[in-house]
Ligand code: DQA
């Protein structure tokens, strides 16, 4: 059991019509349905959001920092630019799993830099929708390890 805050960043509301070769054909609704199912199977309480702006992501992490045991975040393009989100993750001290649908290391050079991963427990990148589902399993693992101490 544990509380997981999951945030999809900018342009992920466009999944289904956006660069299918990188992001597949499923919509965010399809992906969210799978996320909710797996979270339920793992006994996790889930809060799920999508934001297009950096400030909204920061506000949400800040607001939920006392509730969330684990943060799963796909920061979209902010991955590669946002010192502000990195600072927020650092300040809020929620164990964080960074997620990407595509393999960011296989694409343009600018996508190889992630500010957020400096503060993340780990990164899951390149498995499409399954990246999120793996992240839920990783969250469950983190929570179980926490219980042991
Ligand atoms: C992404 C990868 C980012 O580089 C890109 O800007 C996105 C999506 C992914 O899930 O693969 O918006 O985070």
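A short reminder: the numbers here are calculations on the coordinates, not readings from a lab. In this text the structure is predicted, and so the values were computed from the model without any measurement. Neighbour counts run over all protein chains shown; Cβ positions are idealised from the backbone, glycine included.
Of everything listed in (1) farther than 17 Å from residue 133 by Cβ; (2) under 13 Å from the mean Cα position of the chain (by Cα); (3) in contact (Cβ under 8 Å) with a residue 40 or more places away in the chain, the single unmet condition for residue 22 is (2). Among the residues making up the stretch 63-110, none is more than 24 Å from residue 38 (Cβ to Cβ) and touching a strand residue (DSSP E or B) at 6+ places or on another chain (Cβ under 6 Å). If the condition is being part of a strand (DSSP E or B) and closer than 22 Å to residue 79 by Cβ, then the stretch 40-53 contributes 46, 47, 48, 49, 50. Of the listed requirements (1) in a strand (DSSP E or B); (2) farther than 21 Å from residue 125 by Cβ; (3) within 16 Å of the ligand (Cβ to nearest atom), residue 56 misses just one: (1). When the residues of the stretch 1-28 are narrowed to those that are over 23 Å from residue 70 (Cβ atoms) and more than 11 Å from the ligand (Cβ to nearest atom), which ends up surrounded by the most Cβ atoms within 10 Å (Cβ to Cβ)? For the stretch 1-28, the residue satisfying everything is 26. Scanning the stretch 29-48 for residues that are touching a helix residue (DSSP H, G or I) at 6+ places or on another chain (Cβ under 8 Å) and within 14 Å of residue 14 (Cα to Cα) gives 30, 31.
Here is a yes/no grid of residues against (1) within 14 Å of the chain's Cα centre (by Cα); (2) within 16 Å of the ligand (Cβ to nearest atom); (3) over 24 Å from residue 42 (Cα atoms):
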position	(1), (2), (3)
61	yes, no, no
70	yes, no, no
87	no, no, yes
91	no, no, yes
106	no, yes, yes
110	no, yes, yes
121	yes, no, no
127	yes, yes, no
132	yes, yes, no
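Can you tell me which residues in the stretch 93-104 are within 23 Å of residue 2 (Cα to Cα) and within 11 Å of the ligand (Cβ to nearest atom)? Selection gives 98, 99, 100.
One residue stands out in the stretch 29-41 among those that are in contact (Cβ under 8 Å) with a residue 24 or more places away in the chain and surrounded by fewer than 17 Cβ atoms within 10 Å (Cβ to Cβ): the one that is nearest to residue 89 (Cα to Cα), namely 34.
Kindly indicate whether residue 34 is assigned to a helix (DSSP H, G or I), within 16 Å of the ligand (Cβ to nearest atom) and farther than 27 Å from residue 147 by Cα. So residue 34 fails the test.
What are the pairs, 6+ residues apart or on separate chains, where a residue within the stretch 54-82 that is in contact (Cβ under 8 Å) with a residue 12 or more places away in the chain and at positive phi has its Cβ under 9 Å from a residue that is surrounded by 16 or more Cβ atoms within 10 Å (Cβ to Cβ) and part of a helix (DSSP H, G or I)? Pairs found: 76/12.
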